[in-house]
Amino acid sequence: MKLLMAIVSSDDSRDVLDKLTKAGFRATVISTTGGFLREGNTTFSWAWMITRSARRSRSCRVCRRRTQWVSPLPTLEGPGLEMAEPIEVSVGGAVVFVLNVEQFVQV
Ligand code: 2BA
């Protein structure tokens with residue numbers, strides 16, 4: 001058994017949860033914040049039996065990757081507050097961690 005942790009944009013979280021639930025997974029949903037953009041995202045975790053791999057990958061297909069312009073936080077370097085140039089970053093999609101589950105107990 002594996003534990004999957006997927007970080008997705010909050011815009012996609014409802015669709016991901018719908019897909020996971022329809023595919024029969026029991027998921028935990030945590031409201032999280034990205035360290036770089038400092039914007040809300042959503043972290044899902046669910047146990048995954050190896051044979052369900054195909055269903056998992058379909059669930060993640062609802063997360064469309066796109067780009068967004070962001071202004072990095074001002075730096076304190078130099079004589080005053082330096083405003084950094086806006087940069088284009090890739091958002092959406094899913095960042096997925098796959099962890100080995102040593103034991104699963106439900107009491
Ligand atoms: P954030 O940290 O808010 O990052 C949002 C997006 O900004 C990232 O998308 C990436 O395209 C860009 N980005 C992040 N750090 C950057 C940097 N130092 N310079 C330029 N661009 C940068 P994703 O890579 O798809 O990540 C989406 C969210 O997944 C992240 O939100 C973070 O919450 C989480 N994440 C990504 N990689 C992670 C990791 N290795 N460990 C833990 N969490 C991770």
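Bear in mind that the values in this text are calculations on the coordinates, not laboratory data. Only a predicted model underlies this, so the values are computations on that prediction, with no experimental measurement involved. We place every Cβ from the backbone using ideal geometry, glycine too, and count neighbours over all the protein chains shown.
Structure notes:
- For segment 1-40, the square roots of the Cα gyration tensor eigenvalues, ordered a ≥ b ≥ c, give a/c of at least 1.5 with a/b no greater than b/c, which places it in the oblate category.
- Extension gain, S31 back to V96 (0.36 nm per residue minus Cα-Cα distance, nm): 21.8 nm
- Charge sum, other residues only, whose C-beta stays under 15 Å from G34's C-beta, Lys/Arg counted +1 and Asp/Glu -1: 0
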